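Beneath this line is the structure, given in structure tokens, with notes to follow.
The values are calculated or read from the model by the stated rules, or taken from the named source; none is laboratory data. On a predicted model such as this, the values are computed, not experimentally measured, just so you know. FYI the Cβ positions are ideal-geometry reconstructions off the backbone, even for glycines, and counts take in every protein chain you see. For the accessible areas, the whole protein counts, side chains as well, though only heavy atoms, and no ligand, DNA or RNA atoms are used. Shrake-Rupley method; radii C 1.70, N 1.55, O 1.52, S 1.80 Å.
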Amino acid sequence: MSGGPQVSAVRTWLLTATMTAVARLPLLGSTLLVVGVGVTWGMWQMVALPMLWILPALYATVLPDALPGRAVQPEDEPELAALVRDMAERTGFGAPLLLRILPEPAVLTGRVRIAGGHAYALLLGLPLVRALTATQLAAVIAHELAHQRHFDDRRARALLAARAAVAERLEGRLRPLAPLAAPLLRATQPWSWHEELAADAEAARVVGDAAVREAVERVAVIETAFDGLAQDWVEDLVEDGTYPVDLYEAFDLALQDPLVRDRAAREDAEDAALNVYALTTHPPSSVRTAALPHTGIRAAYGSAPLVLRDAEAVAEWCVQRLACAGPGGTLQTGDGALRPEDLKPVRLLELDPDRFRLPADGGPHAEALPAATGQPSPDRALHAALDAVADGDWYRLARRIRPQLRWLPASVRRTVGGQVLAGAMGAALAPLLLEAGWSRTSRWIGTVLTAPDGTVVDLYEVLVTAVDGGDPAPVHALLEKAGTEKAERA
């Protein structure tokens, strides 16, 4: 397996086979159970039942879904096509390359069959194309093509596919395979991380380490912010039978807010620290940037994003695919298949900002804390929660707010529980401060406020620190300050 640590072919195939077997254990177990019951009770018809889930799995393997994304023809977007072509030449990527646009901030490559042979598809997420400078986008493309040019072989693909299948088994609430899967994921993660670092180094030799460093940091922020903001906006509006035609315009504005960027960078670091099952194939951004070689190259493809010539139509297509997510652009709902024509277009930037501000941790709202504490008002619920923090008995409150905490690995339950409680406390604290004359600092984040004296306070950060340290004094100080300010206004 080129490009990775020196691992024998026998060990590589053994790991691949073992992970494949572990990933298939639920299917195998269900099949044996049904067959066993059928044989035991003489119900021979049951023996055929496993084929109902085995055949679809085989069909998906042999005949994968059609390529995702919107096709981009060179004559339609010549600037983007020229950049991709230049990166292919500089990385030595000589295979035919198809270009497609995705609605999400992702960059992927894969082999596809075309008439007369094989080609590769490069899938670029529209949020990245819009937000990255042309030089940063070149670095991202060079990284992805370097994967295929130098590190793509049959053993690598088989190992990564098996690893992804095992990782899927650890994403639900129940993780009975964790004792088997986690050691396999940890054993193979160093190889996948090495591959990413090697692709980064190759990209740095093409466009320069500065461009790759900027791209790595910027992409991490964009991906986290899109998951925490844009996806929620779409889901919220779809529930009302609408979709945001200006989604990407609004997201571009959100990315200009330093508070959004700081929050996304922090959440990205927190997620990396909580990855106890070694699920990620990419190292944390800090690891990637620290490992970059100094090349001294200064590529200059442009300090502004590439402008798509058909930007409006591409954005409209992508928004509709997000709103109607699913095969063929449909989303299976209780009433049937959701189609773009079933939704009414609205402009998100013209709607009430309070509806779309990100709560303290993307989850609990103002009513969560009163419900968990049994108190009738957010004010009394907040004081009850602060008492629990002082007593060290706050985790039970976090469990009431988010019962799913019990399904997390024991090593991260209290860390995540502290974030959950801080989020619920922030959602209760913010209205109290607003009543005292504080104001929203950001259109996009609900728990960063500005005091009447101009002081900017990140309530979530204050509350997480209070919960982790078991010291609610700084929060009490904020409440006392707000009480004084409210009295002065009266």
### Task
Would you mention how many residues in the range 177-187 are modelled with pLDDT under 75 and either among the small types (Gly, Ala, Ser) or under 19 Å from the mean Cα position of the chain (by Cα) (or both)?
1
### Task
Please verify whether the range 431-450 includes one or more residues that are open to solvent by 30 Å² or more (accessible area, probe 1.4 Å), part of a helix (DSSP H, G or I) and of a type in the set (Asp, Glu).
yes
### Query
Just a yes or no: is a residue in the range 133-147 open to solvent by 10 Å² or more (accessible area, probe 1.4 Å), modelled with pLDDT under 85 and part of a helix (DSSP H, G or I)?
yes
### Message
For the range 360-416, give me every one of the helices (runs of 4 or more DSSP H) that falls completely inside it and has 1 or more residues that are at pLDDT below 90.
### Response
368-373, 378-391
### Message
Within the range 458-468, does at least one residue satisfy the condition of being in contact with a helix residue (DSSP H, G or I) (Cβ under 7 Å, 6 or more places away or on another chain), farther than 27 Å from Ala273 by Cα and open to solvent by less than 50 Å² (accessible area, probe 1.4 Å)?
### Response
no
### Message
I want to confirm something. Restricting to the range 162-176 and keeping residues that are at pLDDT 75 or above and surrounded by 15 or more Cβ atoms within 10 Å (Cβ to Cβ), which single residue is farthest from Tyr277 (Cα to Cα)?
### Response
Ala162
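To keep it simple, each residue is scored yes or no on (1) open to solvent by 90 Å² or more (accessible area, probe 1.4 Å); (2) among the β-branched types (Val, Ile, Thr); (3) modelled with pLDDT of 60 or more.
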{"position": "Pro5", "(1), (2), (3)": "no, no, no"}
{"position": "Ser30", "(1), (2), (3)": "no, no, yes"}
{"position": "Val72", "(1), (2), (3)": "no, yes, yes"}
{"position": "Arg85", "(1), (2), (3)": "yes, no, yes"}
### Task
Could you list all residues from the range 103-119 that are farther than 20 Å from Val207 by Cβ, open to solvent by 10 Å² or more (accessible area, probe 1.4 Å) and part of a strand (DSSP E or B)?
Gly110, Arg111, Val112, Arg113, Ile114, Gly117, His118
### Top-ranked residue of the range 89-102 - restricted to ones that are within 27 Å of Val221 (Cβ to Cβ) and open to solvent by less than 70 Å² (accessible area, probe 1.4 Å), ranked as farthest from the chain's Cα centre (by Cα)
Thr91
